1. Going by the conditions given, is Val115 under 30 Å from Thr65 (Cβ atoms) and of a type in the set (A, V, I, L, M)?
2. From the set of residues in the range 14-45 that are hydroxyl-bearing (Ser, Thr, Tyr) and outside any loop (DSSP other than H, G, I, E, B), which is most open to solvent (accessible area, probe 1.4 Å)?
3. Which of the residues spanning the range 76-115 are under 25 Å from Leu155 (Cα atoms), among the charged types (D, E, K, R) and open to solvent by less than 60 Å² (accessible area, probe 1.4 Å)?
4. Looking at the structure I just gave you, is Val174 open to solvent by less than 40 Å² (accessible area, probe 1.4 Å), out of contact with any helix residue (DSSP H, G or I) (no Cβ under 6 Å at 6 or more places or on another chain) and modelled with pLDDT under 95?
5. Among the listed residues Leu129, Leu179, which satisfies the condition of being within 23 Å of Ala56 (Cβ to Cβ) and hydrophobic (A, V, I, L, M, F, W, C)?
6. Working only within the range 2-13, note down all residues that are open to solvent by 80 Å² or more (accessible area, probe 1.4 Å), part of a loop (DSSP other than H, G, I, E, B) and either within 14 Å of Gly57 (Cβ to Cβ) or of a type in the set (Gly, Ala, Ser) (or both).
7. Tell me which residues, restricted to the range 46-68, are surrounded by fewer than 10 Cβ atoms within 10 Å (Cβ to Cβ) and assigned to a loop (DSSP other than H, G, I, E, B).
8. Please state which of the following conditions Thr162 fails to meet, knowing it meets all the rest: (1) assigned to a helix (DSSP H, G or I); (2) without any contact (Cβ under 8 Å) to a residue 60 or more places away in the chain; (3) of a type outside the set (Lys, Arg).
Amino acid sequence: NACDATVAIPSSQTQKRFTANGVLFAGDDHRTNLNKLLSAMNGNLVYSNGIYTIKAGIYEAPTETLNEDDLAGAISVKTSVEDSDRFNTIRPIFIDPSQNHKSVEAPKVQLTAAVVRDNSEALTRDIQLPFTNSSFMAQRIAHKQIQLSDQQKVLTFPANLTGLRVDVGDRVQVTVGELNYSNKVFRCAGW
């Protein structure tokens, strides 16, 4: 349903948020083919409780709340990612049907606040979108990735049994007085 939602594009038109437009090859391993499909929707593949689930790269409201009562140990907070993993500009490369299905660059997407944070240096990352055939969709995917890259705070929250309700990929509201967090939203990246 997240992929089928219509979004407005310039020239007063609409298109589906995400579509998968490409070819899977039987000679490629399953992970390569899955990554192609996931790239078309900024998606994640989650394995939990013996089930694989694909989640589209859209914002979903928090499903659980954690606070000090749910702690089973000390919290640790990492405030930024390594310099080698940091970027503030994305060049999306997509397949353009109007140019005989060649790989072309969509207009780059840049987060101005992140460029300022990085001492006005443009840190560029190219992303390959082999199942995307629209410049607007490529820019939408790049925009979401660059927004997620700017959220660099990583919280390790050792939870008691309440944490079992949280699945990888879920968003959770965290309230911890010592950290001045009041219903601060985090996405569970792993167990």
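The values are calculated or read from the model by the stated rules, or taken from the named source; none is laboratory data. Please read these numbers as outputs of a predicted model, since none were measured by experiment. Note: ideal-geometry Cβ built from the backbone for every residue, glycine included; neighbour counts use all protein chains shown. Areas reflect the complete protein model, heavy atoms only, side chains present, ligands, DNA and RNA absent. Shrake-Rupley method; radii C 1.70, N 1.55, O 1.52, S 1.80 Å.
1. Details: under 30 Å from Thr65 (Cβ atoms): no; of a type in the set (A, V, I, L, M): yes.
In short, no.
2. From the range 14-45, those hydroxyl-bearing (Ser, Thr, Tyr) are 14, 19, 32, 39; that's our starting set.
Now restrict to residues that are outside any loop (DSSP other than H, G, I, E, B): 14, 32, 39.
On the way: Thr14: 94, Thr32: 54, Ser39: 22 Å².
Once the filter is applied, the top-ranked residue is Thr14.
3. Within the range 76-115, just Arg86 meets the criteria.
4. Working: open to solvent by less than 40 Å² (accessible area, probe 1.4 Å): yes; out of contact with any helix residue (DSSP H, G or I) (no Cβ under 6 Å at 6 or more places or on another chain): yes; modelled with pLDDT under 95: no.
Criteria not met by Val174.
5. Numbers: Leu179 fails: within 23 Å of Ala56 (Cβ to Cβ).
Within the list Leu129, Leu179, the selection yields Leu129.
6. Ser11, Ser12 - these are the residues of the range 2-13 that are open to solvent by 80 Å² or more (accessible area, probe 1.4 Å), part of a loop (DSSP other than H, G, I, E, B) and either within 14 Å of Gly57 (Cβ to Cβ) or of a type in the set (Gly, Ala, Ser) (or both).
7. Restricting attention to the range 46-68, the residues satisfying the condition of being surrounded by fewer than 10 Cβ atoms within 10 Å (Cβ to Cβ) are 47, 49-52, 61.
Asn49, Gly50, Ala61, listed by residue number.
8. The failed condition is (2).
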